[in-house]
Each structure stands twice: as C-alpha cells, then as structure tokens.
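K.L.:
Please read through the structure below; I'll follow up with questions.
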Amino acid sequence: MYKEIAEYTNTHHVKLVAVSKTKPVADIQILYDAGQIIFGENKVQEMVEKYQSLPKDIQWHLIGHLQKNKVKYIAPFVSMIHSVDSAELLDTIYKEAAKNETKINILLQFHIAKEETKFGLDIEEATNLLDKLDPRYANHVSFCGVMGMASFTSDENIIRNEFRALKTIFQTIKNKYFSADPSFCEISMGMSSDYKIAIEEGSTMVRIGSAIFGHRP
Ligand SMILES: *Cc1c(COP(=O)(O)O)cnc(C)c1O
C-alpha cells in the first residue's frame, strides 16, 4: 500500500507522515529505502530508540500526547511536535529547545472530535495561550499550524464536518496571529481510514499508520 499512498499524497501536494509506532526498525528501514523520510511516533522512549538505530536524516514527528518531563529526551532531534495542547507544555518545549540551541517546529492540537478522550485545545484556550505568548518563544519555537483527529465513526459526514471545523480554526488563528508568518501553514489531519476526506477538506499533512504498515497488535 505504501507506493499508492505516497503517490496519492504526492499528487495532492500533501506531506505523508508514516506512523511507525509499535513497528520494528526493520520495517522503517524498508520504507526509508523506498524514499520515505518523515516518520511519526507517539511514545518518547520508542522514538528515541528508533532515532538512535536508524539513518540520521529521518524526520521524526511526535504525534501523541506528550508529557512535559519527557520533552528533554526528544528536543535534540525531533523534527515536529504535533501535539501541543497547553501553555505549560509549550513553555517546556521552548526551554528545552533553548538549552539545545535549536528551534522546534510545533503544531497546536485541537479537540475536534465528539469523544471526550481525545486531547486538544478549543479555540478559546488557543487564543488565551496565543494572547499571552512570550515574544522570546519565537527564538526557539516555530508555530507551523494545527493538528486534529476526527471522531472514530463510519459516518463520513461527521468526519468531514470535523475536518472542516479544523480548517476554519486554522484560518482564524492564521489571520489573527500568523498572517505575516509563512511557517504557519500546516493542517495535520487524516489517518488511514479518513485521509482522502481530510485531503478534500484541506489537509496539508496526513498521518498514516496501519494502511502502510498493516494492523497493529
Ligand atoms: C496512531 C495514530 C495515527 C495513525 O493511525 P492509523 O489509523 O494507523 O493510520 C495518526 N495520528 C495519531 C495521533 C495516532 O496516534
């Protein structure tokens, strides 16, 4: 399936994050050899171990909920953090990036699904966070856009409306805070079961695991 998906996302000018969580290093190496460069993981320790044993030009994206006390382990090498959902986490990312004399790319994660269990900000929490932003953050944190997960449902209309809502949130935040900042350009939405809908609704980055690697245990 990788070839078809990579071709599809390429044709639509959408970035493909191959979600390799739970999958062995050998599976990642095969995809890397086929040309895949961005890989997504949701656990810090797993990402660190894979980083250490795989080619150093792989771009590692952290896509899952991130605890503040674990930021330090990925700060030296992480390419993007998709799951920024609090001012405290953002502050920690800033401090760890400063220590490493680097700049970390982040996405603000929004809660767009009906389910209570999914992490993420709402628009009010996000504007509160952005209104109070320390200007020094700009030295070590690059705001690259938004991320969200649709509800786990087979109802395409629900999924489509949630993706549409995320696109609107992106536009609102872009206009209010980042209209002059070309880095703020990504809408990370779409997984194995819904990436085609996400792309129709304006996704710029899809995160696909099982459709590429097969089902996880
Ligand atoms: C696991 C995961 C994915 C990929 O899910 P698939 O259904 O296997 O494509 C995407 N995004 C996040 C945040 C995930 O945790």
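Nothing in this text is a laboratory measurement; each read-out follows from the coordinates by a stated rule. These numbers come from a predicted model, not from an experiment. No Cβ is skipped: glycine too gets one built from the backbone with ideal geometry, and neighbour counts run over all protein chains shown.
K.L.:
Given the conditions (1) touching a helix residue (DSSP H, G or I) at 6+ places or on another chain (Cβ under 9 Å); (2) closer than 21 Å to Ser210 by Cα, report the number of the one that Glu46 does not fulfil.
P.N.:
(1)
K.L.:
Quick one: Ala98 ticks every box in (1) small (Gly, Ala, Ser); (2) in a loop (DSSP other than H, G, I, E, B); (3) in contact with a helix residue (DSSP H, G or I) (Cβ under 8 Å, 6 or more places away or on another chain) bar one, so which box is it?
P.N.:
Evaluating Ala98 over (1) small (Gly, Ala, Ser); (2) in a loop (DSSP other than H, G, I, E, B); (3) in contact with a helix residue (DSSP H, G or I) (Cβ under 8 Å, 6 or more places away or on another chain) leaves (2) as the failure.
Conditions tested, residue by residue: (1) under 13 Å from the mean Cα position of the chain (by Cα); (2) under 19 Å from Gly145 (Cα atoms); (3) of a type in the set (A, V, I, L, M, F, W, C).
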position	(1), (2), (3)
Thr11	no, no, no
Thr22	no, no, no
Tyr32	no, no, no
Ile37	no, no, yes
Val48	no, no, yes
Lys72	no, no, no
Phe77	no, no, yes
Ile81	yes, yes, yes
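K.L.:
Can you confirm whether segment 170-187 contains a residue that is in contact (Cβ under 8 Å) with a residue 40 or more places away in the chain and among the polar types (S, T, N, Q)? Before the answer, list the steps.
P.N.:
Filtering segment 170-187 for residues in contact (Cβ under 8 Å) with a residue 40 or more places away in the chain gives 172-173, 176-177, 183-187.
Next, from what is left, pick out any that are among the polar types (S, T, N, Q): 172, 183.
Within segment 170-187 (the criterion being in contact (Cβ under 8 Å) with a residue 40 or more places away in the chain and among the polar types (S, T, N, Q)), the answer is yes, since at least one residue qualifies.
K.L.:
Out of the residues in segment 59-115 that are more than 29 Å from Gln29 (Cβ to Cβ) and among the aromatic types (Phe, Trp, Tyr), state the one that is surrounded by the fewest Cβ atoms within 10 Å (Cβ to Cβ).
P.N.:
Filtering segment 59-115 for residues that are more than 29 Å from Gln29 (Cβ to Cβ) and among the aromatic types (Phe, Trp, Tyr), the one surrounded by the fewest Cβ atoms within 10 Å (Cβ to Cβ) comes out as Tyr94.
K.L.:
Being surrounded by fewer than 17 Cβ atoms within 10 Å (Cβ to Cβ) and of a type in the set (A, V, I, L, M, F, W, C) is the filter; apply it to segment 13-37 and report the residue that is nearest to Met191 (Cα to Cα).
P.N.:
So, considering only residues that are surrounded by fewer than 17 Cβ atoms within 10 Å (Cβ to Cβ) and of a type in the set (A, V, I, L, M, F, W, C), the one nearest to Met191 (Cα to Cα) is Ile37.
K.L.:
Restricting to segment 1-26, and then to whatever is part of a loop (DSSP other than H, G, I, E, B) and of a type in the set (Ser, Thr, Tyr), can you tell me which residue is nearest to Met80 (Cα to Cα)? Don't jump to the end; show me each part of the working.
P.N.:
Here is the first cut: in segment 1-26, the ones part of a loop (DSSP other than H, G, I, E, B) are 1, 12-14, 20-24.
Add one more test, that the residue is of a type in the set (Ser, Thr, Tyr), and what stays is 20, 22.
Values: Ser20: 15, Thr22: 19 Å.
Taking the candidates together, the pick is Ser20.
K.L.:
Look through segment 206-217, keep the residues that are more than 13 Å from Thr22 (Cα to Cα) and within 7 Å of the ligand (Cβ to nearest atom), and return whichever of them is surrounded by the fewest Cβ atoms within 10 Å (Cβ to Cβ).
P.N.:
Ala211
K.L.:
Something else: Return the total of residues in segment 116-129 being touching a residue at least 40 places away in the same chain (Cβ under 8 Å) and crowded, with 16+ Cβ neighbours inside 10 Å.
P.N.:
Total meeting the criteria: 2.
K.L.:
A further question on this structure: Considering segment 174-200 alone, what residues qualify as being farther than 16 Å from Phe110 by Cα and in contact with a helix residue (DSSP H, G or I) (Cβ under 7 Å, 6 or more places away or on another chain)? Reasoning before the result, please.
P.N.:
Start the filter on segment 174-200 by keeping residues that are farther than 16 Å from Phe110 by Cα, which leaves 175-183, 192-197, 199-200.
Result: Tyr177, Ser192, Asp194, Ile197.
K.L.:
Quick check: is even one residue across segment 180-193 part of a helix (DSSP H, G or I) and loosely packed, with under 15 Cβ neighbours inside 10 Å?
P.N.:
no
K.L.:
Only strands (runs of 3 or more DSSP E) wholly contained in segment 35-94 count here; list those with 1 or more residues that are farther than 16 Å from Ser20 by Cα. Give the derivation first.
P.N.:
On the way: elements: 38-41, 59-62, 80-84.
Qualifying strands (runs of 3 or more DSSP E): 80-84.
K.L.:
Ser203 fails exactly one of the following numbered conditions: (1) within 13 Å of the ligand (Cβ to nearest atom); (2) surrounded by fewer than 18 Cβ atoms within 10 Å (Cβ to Cβ); (3) assigned to a loop (DSSP other than H, G, I, E, B). What is the number of that condition?
P.N.:
Every condition holds for Ser203 apart from (2).
K.L.:
For segment 133-168: of the residues being more than 28 Å from Glu96 (Cα to Cα) and β-branched (Val, Ile, Thr), which is surrounded by the fewest Cβ atoms within 10 Å (Cβ to Cβ)?
P.N.:
Of everything passing the filter in segment 133-168, Thr168 is surrounded by the fewest Cβ atoms within 10 Å (Cβ to Cβ).
K.L.:
How many residues are within 16 Å of the ligand (Cβ to nearest atom) and polar (S, T, N, Q) if we restrict to segment 135-183?
P.N.:
Going through segment 135-183 one residue at a time, the tally reaches 3.
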